[in-house]
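I have placed the structure first, in the form of structure tokens, so that the comments after it can refer back to it.
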Amino acid sequence: AGLSPTSAIYVYTPQEVYGTVGSHVTLSCSFWSSEWISEDISITWHFQAEGSRDSISIFHYAKGQPYIDDVGTFKERMEWVGNPRRKDGSIVIHNLDYTDNGTFTCDVKNPP
């Protein structure tokens with residue numbers, strides 16, 4: 001079986017981010033790829049609530065468009081501030097609540 005060569009993409013996020021209830025916080029996500037940033041780049045943010053086993057997708061960027069999930073607790077409070085051309089996949093969450101405690105994961109794919 002022939003294996004096709006793959007190129008790494010490195011994603012950088014802060015280990016911990018703190019916010020105050022009622023304020024906003026920027027979840028920064030920068031990335032580096034050895035390849036050029038393709039038109040098909042996609043960025044997905046997932047959230048896993050503290051004490052939960054399940055992770056849910058809360059934001060997706062694909063085909064040049066940001067898609068904020070229209071269900072869930074973040075739908076009215078999320079803002080896309082990233083710019084894939086600048087290798088930035090950051091989002092802002094407004095009006096923070098105690099229930100926002102958990103793990104946020106930024107996933108970047110740069111096909112092919």
> Percent of accessible area on the chain owned by carbon and sulfur, 1.4 Å probe?
Replying inline: 50 percent
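Run the numbers on the chain and let me know its relative contact order in percent, using alpha-carbon pairs under 8 Å that are six or more apart. Can you show the working numbers first?
Numbers: 214 pairs, mean separation 39.2, N = 112.
For the chain, the relative contact order is 35 percent.
Net charge near residue 56, counting Lys/Arg +1 and Asp/Glu -1 over other residues with Cβ under 15 Å of its Cβ?
-3
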> What are the chymotrypsin sites (Phe, Trp or Tyr not before Pro) within region 1-80 that DSSP puts in a loop, where the Cβ has at most 10 other Cβ atoms within 10 Å?
Replying inline: 18, 36
> What's the extension gain from residue 63 to residue 50 if we count 0.36 nm per residue and subtract their Cα-Cα distance?
Replying inline: 1.5 nm
> Rounded to the nearest whole Å², what accessible area per residue is found for the chain with the 1.4 Å probe?
Replying inline: 68 Å²
> Modelled label-to-label distance, residue 79 and residue 25, 7 Å Cα→beta-carbon offset: nm?
Replying inline: 1.7 nm
>> Quick check on region 38-77: take the gyration tensor over C-alpha atoms, sort the square-rooted eigenvalues as a ≥ b ≥ c, and tell me if it's rounded (a/c under 1.5), prolate or oblate.
In response: oblate
> Mind listing which GluC sites (Glu not before Pro) in region 1-83 are in a DSSP loop and have 10 or fewer other Cβ atoms within 10 Å?
Replying inline: 16, 39, 50, 76
>> Give me the net charge for the shell around residue 77: Cβ to Cβ below 11 angstrom, other residues only, Lys and Arg +1, Asp and Glu -1.
In response: -3
>> Please give the charge dipole size of the chain, origin at the Cα centre, charges +1 on K and R Cβ atoms and -1 on D and E Cβ atoms. Round to the nearest 20 debye.
In response: 300 debye
> Along the charge dipole of the chain, which of 98, 43, 18 sits closest to the positive end, that is, farthest toward it, with unit charges on the beta carbon of Lys, Arg, Asp and Glu (+1, +1, -1, -1)?
Replying inline: 43
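When Lys and Arg each count +1 and Asp and Glu each count -1, what net charge do the other residues less than 10 Å away from residue 40, Cβ to Cβ, add up to?
Details: positive: 63, 109; negative: 39.
Here the count lands on +1.
The values are calculated or read from the model by the stated rules, or taken from the named source; none is laboratory data. All values derive from a computational prediction rather than experimental measurement. Heads up, the Cβs are rebuilt from the backbone with ideal geometry, glycines too, and the neighbour counts pull from every protein chain shown. SASA here: full protein model, heavy atoms, side chains in, ligands and nucleic acids out. Shrake-Rupley method; radii C 1.70, N 1.55, O 1.52, S 1.80 Å.
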